[in-house]
Structure formats: structure tokens, C-alpha cells
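Q: Okay, handing you the structure first.
The values are calculated or read from the model by the stated rules, or taken from the named source; none is laboratory data. Here the structure is a predicted model, which is why all the values come from computation and not from measurement. Here Cβ is always computed from backbone atoms with ideal geometry, including for glycine, and neighbour counts include all displayed protein chains.
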Amino acid sequence: MRLIVHNMLTCNIKGVINKFPLRIEAEKVIKKEVDFNPDFLRHMLAKIEWKALVDGARSMGYTELPDHAPALESDEPFLRKFHHALLELNLEEGSLVCQESGRKFPVEKRVPNMLLHEDEV
Amino acid sequence: MKLKQLEGLLGDLQQFSNPKVELEQYPTGPHIASRMLFTAENSYGDITDKVVADFGCGCGTLSAAAALLDAACVIGFDIDPQSLETATLNAEELEVEIDFVQCDVTKLELKGQVVGTVVMNPPFGTRKKGADMEFLSAAMKVASQAVYSLHKTSTREHIKRAALRDFNAKSAEVICELRYDLPKLYKFHKRKEVDIAVDLWRFEPRQN
């Protein structure tokens, strides 16, 4: 699971209000190089929940992202870090934890399992 | 990439080894998949450099097509772990990057406007009544740009009305009519092959 995906996943258990973001418990993280696409990244900057990305990246061992996205978004060194965090870190094994209910959604072989049990729907 | 080349690559993908009838698991053939995604990109610019979600991805045929047409990011969503394993292998074979999420698409809640385009070959609702509409409703909530979907031609008026009236569609157009060749996959299929008329739809959501 890459952080671009984590940035959209919520806990949809019935009754939970604080559904996003899910806290990451990382057991195994892999890094895989992906082509750098600055136009795409600039476009994404406005759509990404920045704090969730920074916290998610930290949980996966990457601490280079600034706490806030800089005003000069065309700054290439920044875009490279954004690129790395958003698209090149992959959670192979671990969990996504709902901050309100504590429910853990397992991530196995890079695939998060968001299926709810019958009593959670 | 040319259409023929795309179709060829998709034809090499592994499909369901043990399809589950209750999930209406049918492979999306390379002929339909290649035309669907090729049109989405060449006529509408909805794939290349975009974030594309494949709802009910199964073995990942539509996801693979999106990746081969240079989507910036492709995410396949499906409820069945075996299909997702096959989809993962297919992505590796093609050397494309696809993220997969195991979930019930009809109960999914995705935050934000990250997904631009949703592509899907949803269940037609022959096993679980209304499944086609549930998938369409879910897709319209997630896509910020466009939804491409296949539905039986016999449901055309019903789909158009529901999309415009209930699912927040700004537009709902049938791009073309295709013949979906369904091979004899399940024991209860009597004929060797059956040919269903399906519409390829493009829906545009209203800006949220």
C-alpha cells in the first residue's frame, strides 16, 4: 500500500466519527522507484491531506517531509521528497488502525483488507 | 501504445482459476478492455497522468490497461482475495505498478478528491439484485472527473435515469455498444458461449 492510497482510506465502521486518517503500524516497508512526474505531483499537492501524508511517511521510516507544504511548490528538491513519500514507499506488511475504535485493518503482501465484520456494518 | 498492442498484452493475463458465481466473476476480455480504456484516453484524456480506480477489479484487466496507458496511479478494489492475488501476479508480469485494496466497494468510503477516473466492469445484478446500481452509485461518489462502466443494453433507460436523478451525474452517455462474449464458465451455463449486448457508459459527476 502506498501513501497515495492511505490518503483516501477511512474507517467505515458504523458509528465511528473520526474515520481519517488511519494510523499506520509498519512491520515491513519496501521502496520501489517510480518515474518522477512533476506536473502530476503539483496537481496532487492541492488534493492530498498533508498531515496524514507526513505522519504516514514517518510511520514508514521517512522523516524528510516538511510539516507544511512550501508556498513555492515548483521547488524541485521538495517535489522529489513529496514524490518519494507519496509513490515510492510501500507498506508490505502491517496494519492500519482506526484512531477512534482501535480496529486494525491488516495489510498483507501490500494489500490492505478493509472488509468489515457483520457487526461493524 | 497502439490498440492492437494493448489488446495483445491484455490477452496474456491470467484470469479467474475458480470463478465465484455469487460474485458474478467473469473476465473482462482483452477486446472490450482495450477499447474501453483506449477510448477513455484518446477521446477524453481520462487515463494518462491521472489517478484511476478500478472498482471490482477481479484479476485486474482494466487496471492493467490503465497502467499500460500511463495512468499516474492505478488502484484496483475487489472483495475477493484470490482474484487480488492473480491481479498482483498480472501486474508483476506486465511490470506495471498497481495498488490493490480488498474491500466491499459498495460500503467503501474514500476521502477527498484524489481519484480522477473510475473504470469498471461491475456485476450486472443477476446474482445480487441491484449490484450494478450500487457499484455505479459508489463510483460516482469517488470519481472527480469521469466514470466508465459496462451495463447491459437492456438496462439503458433505467441507468440513465438513475445516474442523472440519483447519482449526481452531470452527464450520462453511451459511448458505444459492445458484444460481451461470455464463455461457458459455470456448470449451470447450458450454451458453449453466449453473447450479451452491453453499453459502454461515460458518466461525468457534478463538482462536489
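Q: Could you check the range A:29-49 and list, in sequence order, the residues that are among the basic types (Lys, Arg), outside any loop (DSSP other than H, G, I, E, B) and within 12 Å of chain B (Cβ to nearest Cβ)?
A: A:ARG42
Listed here are the residues, each with its yes/no results for (1) under 17 Å from the mean Cα position of the chain (by Cα); (2) polar (S, T, N, Q); (3) within 26 Å of B:LEU182 (Cβ to Cβ); (4) within 11 Å of another protein chain (Cβ to nearest Cβ).
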residue	(1), (2), (3), (4)
B:ASP132	yes, no, yes, no
B:SER137	yes, yes, yes, no
B:SER144	yes, yes, no, yes
B:SER154	no, yes, yes, no
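Q: Right, next: Being exposed (fewer than 15 other Cβ atoms within 10 Å of the Cβ) and not aliphatic (A, V, I, L, M) is the filter here; which residues of the range A:31-50 pass it?
A: Taking the range A:31-50 first, the residues exposed (fewer than 15 other Cβ atoms within 10 Å of the Cβ) are A:31-33, A:35-36, A:38-39, A:42, A:46.
Within the range A:31-50, A:LYS31, A:LYS32, A:GLU33, A:ASP35, A:PHE36, A:PRO38, A:ASP39, A:ARG42 meet the criteria.
Q: Go through the range A:103-121 and count every residue that is more than 7 Å from every other protein chain (Cβ to nearest Cβ), among the β-branched types (Val, Ile, Thr) and exposed (fewer than 15 other Cβ atoms within 10 Å of the Cβ).
A: 0
Q: I'd like the full set of residues that are more than 7 Å from chain A (Cβ to nearest Cβ), crowded, with 22+ Cβ neighbours inside 10 Å and under 16 Å from A:PRO106 (Cα atoms), limited to the range B:75-123.
A: B:PHE77, B:ASP78
Q: Looking only at the range A:19-27, decide whether some residue is small (Gly, Ala, Ser), at pLDDT 95 or above and at negative phi.
A: yes
Q: Residues in the range B:80-102 that are of a type in the set (A, V, I, L, M, F, W, C) and part of a loop (DSSP other than H, G, I, E, B): how many?
A: Counting residues in the range B:80-102 that are of a type in the set (A, V, I, L, M, F, W, C) and part of a loop (DSSP other than H, G, I, E, B) gives 2.
Q: Can you name the residue in the range A:1-15 that is touching a residue at least 12 places away in the same chain (Cβ under 8 Å) and touching a helix residue (DSSP H, G or I) at 6+ places or on another chain (Cβ under 9 Å) and, of all such residues, is farthest from B:VAL51 (Cα to Cα)?
A: Ranking the qualifying residues of the range A:1-15, first place goes to A:LYS14.
Rundown of residues vs (1) at the interface with chain B (Cβ under 9 Å from one of its Cβ atoms); (2) within 21 Å of B:LYS107 (Cα to Cα); (3) crowded, with 18+ Cβ neighbours inside 10 Å; (4) acidic (Asp, Glu), yes/no style:
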residue: A:HIS6; (1), (2), (3), (4): no, yes, yes, no
residue: A:CYS11; (1), (2), (3), (4): yes, yes, yes, no
residue: A:LYS14; (1), (2), (3), (4): no, yes, no, no
residue: A:GLU27; (1), (2), (3), (4): no, no, no, yes
residue: A:ARG58; (1), (2), (3), (4): no, no, no, no
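Q: Quick test for you: out of A:LEU65, A:LEU53, A:LEU96, pick the one residue that is crowded, with 19+ Cβ neighbours inside 10 Å, in a helix (DSSP H, G or I) and either more than 10 Å from every other protein chain (Cβ to nearest Cβ) or not charged (D, E, K, R) (or both).
A: A:LEU53 is the lone residue from the list that is crowded, with 19+ Cβ neighbours inside 10 Å, in a helix (DSSP H, G or I) and either more than 10 Å from every other protein chain (Cβ to nearest Cβ) or not charged (D, E, K, R) (or both).
Q: Collect the residues in the range B:44-74 that are within 11 Å of another protein chain (Cβ to nearest Cβ) and within 22 Å of B:LYS141 (Cβ to Cβ), keeping them in residue-number order. Give the derivation first.
A: Going residue by residue through the range B:44-74, those that are within 11 Å of another protein chain (Cβ to nearest Cβ) are B:48-51, B:53, B:70-74.
Correct list: B:LYS50, B:VAL51, B:ALA53, B:ALA71, B:ALA72, B:CYS73, B:VAL74.
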